Amino acid sequence: MNDKKTETAIFAGGCFWCTEAFFTELKGVEKVVSGYIGGSVPNPTYKEVCSGYTGHAEAIQITYNPAEIAYEDLLEVFFATHDPTTINRQGNDVGTQYRSEIFYTTEEQKAAAENFIKLLTEQDIFGKKVVTKVTKASVFYSAEDYHQDYYAQNPDQPYCSMVIAPKLDKLKKNYKSKLKKQE
């Protein structure tokens, strides 16, 4: 059946290898593409984005079925799986390409993201100011093929086993009801 309606969400929350691994596990998520958004250079390469000079963020483009998973659920997982209180940094990954940013594709997404951040702030969930930006989506460029499904293809790579795997285990424990596979 290809007649079901899908929507697109775009999140930048640090290394796209990490964020891609989290969202591919969720029910209702049909596709996750790692890529670049928010910069000034057309068709940037990984090397160019890593230089910090293009202005792009490493991001993921999520195709999801809103009848199976709400945008707010995606926001919840996004904020639970990275540190939205650090500017241009996630752990040891430092640079503008690792910023926390939501790129909305509809006005409804913009309002939902802003409301979610307001709620996190009012409840002082992180004990620090949430610095995540909410920006209208610009052109999303898919990353090179070797970045796609990176964790699934390289689970024993040191970065994957030391950084991604523990976060993925936490996601599986805390969001069991939202996962495609129940463990």
Can you tell me which residue among Ile125, Ile117 is in contact with a Ser or Thr (Cβ under 8 Å, 6 or more places away or on another chain) and either of a type outside the set (Lys, Arg) or part of a loop (DSSP other than H, G, I, E, B) (or both)? Ile117
Would you mind telling me which numbered condition in (1) over 19 Å from Ile164 (Cβ atoms); (2) crowded, with 20+ Cβ neighbours inside 10 Å; (3) among the hydroxyl-bearing types (Ser, Thr, Tyr) Tyr98 fails? (1)
Restricting attention to the stretch 3-21, the residues that are under 13 Å from Tyr64 (Cα atoms) and either free of Cβ contacts under 8 Å to residues at least 40 places away in the same chain or in contact with a Leu (Cβ under 6 Å, 6 or more places away or on another chain) (or both) number exactly 1
Out of all the residues in the stretch 70-90, which are closer than 25 Å to Leu179 by Cα and part of a loop (DSSP other than H, G, I, E, B)? Ala70, Thr81, His82, Asp83, Pro84
Here the residues within the stretch 133-169 that are without any contact (Cβ under 8 Å) to a residue 40 or more places away in the chain, part of a helix (DSSP H, G or I) and of a type outside the set (Ser, Thr, Tyr) are Asp145, Gln153, Pro158, Met162, Ala165, Pro166, Asp169
Selection from the stretch 22-69 of residues that are crowded, with 17+ Cβ neighbours inside 10 Å, among the aliphatic types (A, V, I, L, M) and either without any contact (Cβ under 8 Å) to a residue 24 or more places away in the chain or assigned to a helix (DSSP H, G or I) (or both): Val49
I'm checking my understanding of the structure. Among residues of the stretch 70-106 that are hydrophobic (A, V, I, L, M, F, W, C) and touching a residue at least 60 places away in the same chain (Cβ under 8 Å), which one is farthest from Thr19 (Cα to Cα)? Phe103
Val130 being within 22 Å of Ala57 (Cα to Cα), in a loop (DSSP other than H, G, I, E, B) and touching a residue at least 24 places away in the same chain (Cβ under 8 Å): yes
Looking at Gln109 and the list (1) more than 16 Å from Val32 (Cβ to Cβ); (2) of a type in the set (S, T, N, Q); (3) exposed (fewer than 15 other Cβ atoms within 10 Å of the Cβ), which single condition is not satisfied? (3)
If we scan the stretch 70-85, do we find a residue that is under 15 Å from Thr135 (Cβ atoms), at pLDDT 95 or above and surrounded by fewer than 17 Cβ atoms within 10 Å (Cβ to Cβ)? no
Closer than 14 Å to Gly14 by Cβ and at pLDDT 95 or above: is that true of Thr132 in this structure? yes
When the stretch 3-16 is examined, which residues are found to be out of contact with any Asp or Glu (no Cβ under 7 Å at 6 or more places or on another chain) and buried (at least 22 other Cβ atoms within 10 Å of the Cβ)? Ala9, Ile10, Phe11, Gly13
Does the stretch 128-175 hold any residues that are exposed (fewer than 15 other Cβ atoms within 10 Å of the Cβ) and among the polar types (S, T, N, Q), and which are they? Ser138, Ser142, Gln153, Gln157, Ser161, Asn174
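The values are calculated or read from the model by the stated rules, or taken from the named source; none is laboratory data. Please read these numbers as outputs of a predicted model, since none were measured by experiment. Heads up, the Cβs are rebuilt from the backbone with ideal geometry, glycines too, and the neighbour counts pull from every protein chain shown.
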